[in-house]
Amino acid sequence: MKHYRQSGLNTSGGGLIRVKKVQTYLPPNDFACAAQVSSMAQYRDLCAQAAADPQQYWAGIARSLHWFKPWTQVLDWSAAPVAKWFVGGKTNLTYNALDRHLALKGGKTALIWEAENGAIIRYSFQELHTEVCRAANALQSLGVRQGDRVLIYMPMIPETAFTMLACLRMGAVHSVVFAAFSGEAIKERVHDCGASYIFTADGGFRRGEAVALKANVDKVIGDCPTVKKVVVVKRTGSAVTMQNGRDLWWTDFIKGAADTHQATPLDSEDPAFILYTSGTTGKPKGILHTTGGYMTHAYYSASLVFDLKDTDLFWCTADVGWITGHTYTLYAPLLNGVTTLLYEGAPNHPDLDRFWTIIAKHQVSIFYTAPTAIRTFIKWGDQYPQKHNLSSLRLLGTVGESINPAAWEWYHHVIGSERCPIVDTWWQTETGGIMISPLPGATPTKPGSATLPLPGIAVDVVNEQGQSCKADEPGYLVIKQPWPSMLRGIWGDQQRYKDTYWSKFAAQGWYCPMDGAVRDADGYIWFRGRVDDIIIVSGHNIGSAEIESALVSHPQVAEAAVVGIPDEVTGQALAAFVTLKGKVIHNPELEHKLRSHCAEKLGAHAKPRHIRFTEILPKTRSGKIMRRLLRDVATGKTMGDTTTLENYEALKQLYEDKE
C-alpha cells in the first residue's frame, strides 16, 4: 500500500527547503504482520523505553548475548568524549558469533563463499568454528599475543574471514586494509598502528585478472621494522618472493593447528579492531572500536533493521575492507545466527547480470548494497535483472551515501517487484553500526529519506548555535547521547578525535559528523551531503545531493555528481558530471534541457553552470564517487591522490577531455 504525503527535500530561498510532493510507501501488510517491530506504535514505545532509561535499554540488549563475566556498570561517561560500555564485563565476539550457536545450529550454513569463477564453498557454523579455532591456535603458535596488531591485506576469500574471527577470538587487534590499496597505504597503516604481523595473498581476482597483493607488501616491507611475520594465502598461483624466516604460506601456517580453541574472555573495552578512514589532513584516521559495545550494537542493529529470521540468507555486497563489510558482511549476521554470503568478484563479470545470477542461485532473501551500485545497474539496463527470478528477496537495503528518489523507485519496482521494503541506512565507520533507518515492518518510507533514528539513538538537526532546527530548516546532524558501538578514539591521537568529532558543539557535548541534514514535518531526516559538499551560490545554501537527485530524476540520466567551483560573481558555481543511460556524446541540447530541469525542480539558482558528460564517474571500490577529484578536474588542478580510486581510466579520460 502507498499514499502521497507532503515532505521536505529541495532547497529554496530563505534557508528553508521547498516542500515537494513525494510518494510514501507503507510496509506491506504480510511483511508487517511477521516483523519484529510491526507498527509505528511499537517503534515509538521502544523509543520511549530507551529515552526513559538509556542504560537499562542497552543493558537489556547486551544480556541477549553471552558474557563470561557480567558488567558492574553499564556506561562510564566520566571521561567524555571517551566512553566505556559494560564496564568490567568479559565477553568474546567470536564466541557469540560461532560457539553460542553450535548446540542448536551447528549444522546450519553460516557462510557461503562464491569465487569470481563461480566456485562455491559452504561452511556450517560447526565447520566455520573449526576453521577459526585452527587459525586462532596458529596465530598463537606464530607468536601473536593479546593486544598485538595484525594487518590483513587480503581479497574476499574464506581465509580473510577466518583470520578476522580468529584475531577477535584470541584478543589480537585486526586492521583490515582494502585489497585495492597500494603498498604505500599498507606502510602508512603499519607505521601508525605498529602492526607486528601481516596476512596477505599472492593476489586476488578482479574481472578475471589476477591482481598482485604480496608484491605490494614486498615494495614497502623494508620500511616496516615492526613486522615480524608475513602469512601468504596462495589464491592466484602467481609467482611471489618469499623471504625465509619471515614469510610463510597459509598452508604451512595452519598445518598441524588443533581444531579446538577456548575463546579468550576479553574485557568489554579491550580493542577489537582499528579501521582507517580518510582524513581532511591527508593522513588516514585509525578508528578504534572495542569489544562489548561494538558487538552489542552490531547484533541489535542488524536484527532490528533487517528484521532477521532464522531462514534468511543475507548478502551485503561490501568488501570486508570497509566498515560495512566488517559489521554487516561478517559479524552481525553471524551474531544473529544467520547465513551470510561472501562474493569475491565484480558485479559485471563475466556479464552485467552477475549480482542477479547470485541472488537467484543462492536464493538470497536480504540484499544490501550501495546507491552508486544501484545507479550503475540502472545504466546497464533493466534487461539484466529481468532475466532472473528474484522472488527469494524479501528486503532490500542501501548504504554508503544518500540514495536519490529516482534510484530508490527503480530499486523498489525492478528489483523488489514492489513487494520488498527498502531500508535506507545512515551510519559511519565511526558509529560502528546503523544509526538512522526505517524499520521495515513499521516505518512508512519516503524515497530519499533515511527516515528515523533507531530506538536508543538520540539525534537532532541543529543550527550553528546548537538550537534544534525547525521543520525544513537545514542544519547539522548531531548525536546527543553515547551509544555502545561509538568509536573510542583515533588510534594514537585522542586530541584529533576530540577536535574532529566533538569540537563543533563542545559546550553541549554532542557528536557531530559534519553531515548536513534537514528534518521534515514528520520528523524524517534527509541528508544533504557532507557539510564540505554544501555549495553556496549567490547566498543560496545548496546540498550537492539535492542537485544530483534532480539531475538523476531526468529520464536520460543514470548518475550525476556535482561540485562547487570558485566564481567571482556568485561565490561558487555548480559543475555537474553526468552519465547517461544511452551512449554518451556531447549534446548541447540535452545540456540545456538538464539545466532547465534543475531550475524547474529546485529553482533558477540551482542550474549547473557547467555540465560534462562522461561514460563513468571516478569511484572508490566501495562505490563512493570521488567528488574531491572531480573538483580538481573542474578547477583545472593537478590530479590529486588516487590511491583509493578503482577506475583510474575514467578520471584520466576526464582530464584528457578538458576543454
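A few comments on the model shown:
- Segment residue 609-residue 283, extension gain: residue separation times 0.36 nm, minus the distance between their alpha carbons: 114.1 nm
- About its Cα centre, the chain has a charge dipole of approximately 280 debye under the convention of +1 per Lys or Arg Cβ and -1 per Asp or Glu Cβ, with nothing else charged.
- Remark: 159, 344 ranked as 344, 159, counting other beta-carbon atoms within 10 Å and listing the fewest first.
- Least to most buried among 500, 296 (fewest other Cβ within 10 Å first): 500, 296
- Measuring max minus min along each principal axis, the C-alpha atoms of the chain give extents of 70, 57, 52 Å (largest first).
- In region 327-423, the inverse of the mean reciprocal separation of distinct Cα atoms equals 13.8 Å; this is its Kirkwood hydrodynamic radius.
- Compactness of region 135-258, taken as the C-alpha radius of gyration over 2.2 N^0.38 Å, stands at 0.96.
- Residues 430, 464, sorted so that the one with the fewest Cβ neighbours within 10 Å comes first: 464, 430
- All aspartates and glutamates inside 17 Å of residue 379 as judged from Cα atoms, apart from same-chain residues fewer than 8 positions distant: 351, 353, 409, 548, 559, 615
- Descending principal axes extents, region 410-522, alpha-carbon based, whole Å: 49, 33, 23
- Over the chain, dividing the summed -39,500 (n - 2.57) contributions of all DSSP H runs of at least 4 residues by the number of residues returns a 222 nm mean residue ellipticity of -8000 deg cm²/dmol.
- Proximal lysine pairs, region 387-500, alpha carbons under 30 Å, eight or more residues apart or interchain: 6
Values in this text are rule-based calculations from the coordinates and carry no lab data. On a predicted model such as this, the values are computed, not experimentally measured, just so you know. So basically every Cβ, Gly included, is an ideal-geometry build from the backbone, and we count neighbours across all protein chains shown.
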